[in-house]
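Worksheet: the structure to be examined is printed underneath.
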Amino acid sequence: MISSKDIMALRQRTQAGMLDCKNALEANNGDMDKAAAWLREKGMAAAAKKEGRIAAEGIVDSYIHMGGKIGVLLEVNCETDFVAKNPAFRELAHNIALQIAASKPLFVSVEDVDQKTLEEEKKIYFAQAKNEGKPDQVAEKIVEGKVKKYYQEVCLLEQPYFREPEKKIREVINEAVLSIGEKITVRRFVRYEMGEGLEKRTDNFAEEIEKQIAEAKENN
């Protein structure tokens, strides 16, 4: 028999609804890990079913980190204004903003990756493998693996979630879809880092120390 304690534990772990948690545990003979995986798969299915819906409501969330050194603006969409005001939805959006601040993605999804950039990356990976003496077939397999890793680095939805690294961001969103009951999409984001792209002044460290010592002597 599935206990209410187990149901609550699974709900806390997955954020899925109580009935879904109960059904997941019953379908997996009370195994918590299998039930969590079952819910994750169900979340993916639920998200797929809602793919054709229009998500035109939502929120623009922001996050400023390190005393103004890093800033993120993020648009996350849902289907209704009611859900847009839901604390769980807003928390999801803010956590995704934190993810962007920490992990520096360049694109939302794999589909957004510039194909010219991707082809250039593939050429570099292939050349590296050939320089190591790998035959073409092996080199191509290496390229596939490196492209997958590249996606995980630059695509927000493919990145490991900073709070639960065993999950990708897309899985976290799918779980939210299952819990909230509406289509949820990340539409766009921008990340700013203070001084990024600018040539910064670099002083000689030894000279700077000597300067500070000289100033201290003058003050005394």
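The values are calculated or read from the model by the stated rules, or taken from the named source; none is laboratory data. Source: prediction; values computed, not measured. Reconstructed Cβ throughout: ideal geometry from the backbone, glycine too, with neighbour counts over all protein chains shown.
Details
- Residue selection: residue 142 fails the criterion of being in contact (Cβ under 8 Å) with a residue 24 or more places away in the chain and surrounded by 15 or more Cβ atoms within 10 Å (Cβ to Cβ).
- Single residue of segment 154-168 satisfying the filter (among the hydrophobic types (A, V, I, L, M, F, W, C) and more than 14 Å from residue 187 (Cα to Cα)) that is surrounded by the fewest Cβ atoms within 10 Å (Cβ to Cβ): 162
- Scanning segment 80-109 for residues that are among the acidic types (Asp, Glu) and touching a residue at least 60 places away in the same chain (Cβ under 8 Å) yields a total of 0.
- Residues located in segment 50-68, provided they are over 18 Å from residue 162 (Cβ atoms) and either touching a helix residue (DSSP H, G or I) at 6+ places or on another chain (Cβ under 6 Å) or not aliphatic (A, V, I, L, M) (or both): 50, 51, 52, 53, 57, 58, 59, 67, 68
- Close pairs (6 angstrom Cβ cut-off, 6 or more residues apart or separate chains): more than 15 Å from residue 175 (Cβ to Cβ) in segment 5-30, among the small types (Gly, Ala, Ser) and at pLDDT 80 or above anywhere: 25/35; 28/35
- Flag for residue 110 being under 19 Å from residue 149 (Cα atoms) and under 21 Å from the mean Cα position of the chain (by Cα): yes
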